[in-house]
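Engineer: Here it is, the structure, as structure tokens.
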Amino acid sequence: MKARKIALVLLFGATLSVASQAQIQHVQMRVEGMT
Amino acid sequence: MKQHLGRQSGVQNVEVSLIDGKVEITPKEDGRIDPAQLIKATYDSGVSVAEMQITARGKIVKDDSGNLLLQVTPNQAFAIAPNDLSTTLNPSAGSPAVVTIRGQLYKKSGKKKPDPVAALKLLILEVQKKE
């Protein structure tokens, strides 16, 4: 029972960790009319 | 334009190449950056955006109509334009898997100024990683 709880906590933590890393990493634009 | 973009929320660094007209924007660590706001800020500084590409990590989800979205934060998601690469992401929809995608978020068409409020669609150019 205890092992199951620990496994669930670890699974939840891993999911949260992956989700928190989601983000925009880089933006590139090509522009016109720049002087 | 560099100063204008640098003041936008979530922007850490802006590099402008006058020779080839390229602007590289590095978001802050939290990645909370709004591409539509960047397009608007660029136009506000008197320069036209011909194209915008982003590299982003996120989860693939489906909206109520079954369209694929790349969810980068709980409050930010981009609709994915259908193409060959987007179909390969269909099995990942709704799973906790995180993908890294490089895609075109905006391309200028005609001479009309874009409506930055209009939803930007992500045309996937490359699926870099599935985790």
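The values are calculated or read from the model by the stated rules, or taken from the named source; none is laboratory data. Here the structure is a predicted model, which is why all the values come from computation and not from measurement. Cβ placement follows ideal geometry from the backbone for every residue including glycine, while neighbour counts extend to all protein chains displayed.
Matching residues to (1) more than 20 Å from residue B:9 (Cβ to Cβ); (2) of a type in the set (Ser, Thr, Tyr); (3) surrounded by 21 or more Cβ atoms within 10 Å (Cβ to Cβ):
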| site | (1), (2), (3) |
| --- | --- |
| B:36 | no, no, no |
| B:60 | yes, no, yes |
| B:97 | yes, no, no |
| B:121 | yes, no, no |
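Every residue, every condition in (1) within 11 Å of another protein chain (Cβ to nearest Cβ); (2) at pLDDT below 90, yes or no:
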position: B:52; (1), (2): yes, no
position: B:55; (1), (2): yes, no
position: B:58; (1), (2): yes, no
position: B:72; (1), (2): yes, no
position: B:75; (1), (2): no, yes
position: B:80; (1), (2): no, no
position: B:88; (1), (2): no, no
position: B:117; (1), (2): no, yes
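Engineer: Continuing with the same structure: Checking the condition outside any strand (DSSP E or B) and closer than 22 Å to residue B:33 by Cα, which residue from B:119, B:77, B:56 passes? Give the derivation first.
Structural biologist: On the way: B:77 fails: outside any strand (DSSP E or B); B:56 fails: outside any strand (DSSP E or B).
One residue alone meets the criteria, B:119.
Engineer: Restricting to the range B:33-50, give me the number of residues that are outside any loop (DSSP other than H, G, I, E, B) and either at pLDDT 95 or above or at positive phi (or both). Spell out how you get there, then give the answer.
Structural biologist: Our first condition is that a residue be outside any loop (DSSP other than H, G, I, E, B); within the range B:33-50, this holds for B:35-44, B:48-50.
Now restrict to residues that are either at pLDDT 95 or above or at positive phi (or both): none.
The qualifying residues number 0.
Engineer: Output the residues belonging to the range B:14-32 that are part of a loop (DSSP other than H, G, I, E, B), at pLDDT 90 or above and at the interface with chain A (Cβ under 7 Å from one of its Cβ atoms).
Structural biologist: B:21
Engineer: Please pick out the residue among B:50, B:36 that is under 11 Å from residue A:31 (Cα atoms), within 15 Å of the chain's Cα centre (by Cα) and in contact (Cβ under 8 Å) with a residue 24 or more places away in the chain. Steps first, answer last, please.
Structural biologist: Numbers: B:36 fails: under 11 Å from residue A:31 (Cα atoms).
Of B:50, B:36, the one residue that is under 11 Å from residue A:31 (Cα atoms), within 15 Å of the chain's Cα centre (by Cα) and in contact (Cβ under 8 Å) with a residue 24 or more places away in the chain is B:50.
Engineer: Please tell me if residue B:55 is closer than 18 Å to residue B:123 by Cα, among the polar types (S, T, N, Q) and outside the structural domain of residue B:4 (by TED's automatic domain parsing).
Structural biologist: On the way: closer than 18 Å to residue B:123 by Cα: yes; among the polar types (S, T, N, Q): yes; outside the structural domain of residue B:4 (by TED's automatic domain parsing): yes.
Considered against the rule, which asks whether it is closer than 18 Å to residue B:123 by Cα, among the polar types (S, T, N, Q) and outside the structural domain of residue B:4 (by TED's automatic domain parsing), residue B:55 comes out as yes.
Engineer: Which of (1) of a type outside the set (A, V, I, L, M); (2) crowded, with 20+ Cβ neighbours inside 10 Å; (3) more than 7 Å from every other protein chain (Cβ to nearest Cβ) does residue B:42 not meet, given it meets every other one?
Structural biologist: With respect to (1) of a type outside the set (A, V, I, L, M); (2) crowded, with 20+ Cβ neighbours inside 10 Å; (3) more than 7 Å from every other protein chain (Cβ to nearest Cβ), residue B:42 is out only on (3).
Engineer: Follow-up question, since we're still on this one. Quick one: which residue in B:66, B:58, B:10, B:94 is of a type outside the set (Ser, Thr, Tyr) and under 21 Å from residue A:30 (Cβ atoms)? Break it down stepwise before answering.
Structural biologist: On the way: B:66 fails: under 21 Å from residue A:30 (Cβ atoms); B:58 fails: under 21 Å from residue A:30 (Cβ atoms); B:94 fails: under 21 Å from residue A:30 (Cβ atoms).
Unique residue meeting the criteria: B:10.
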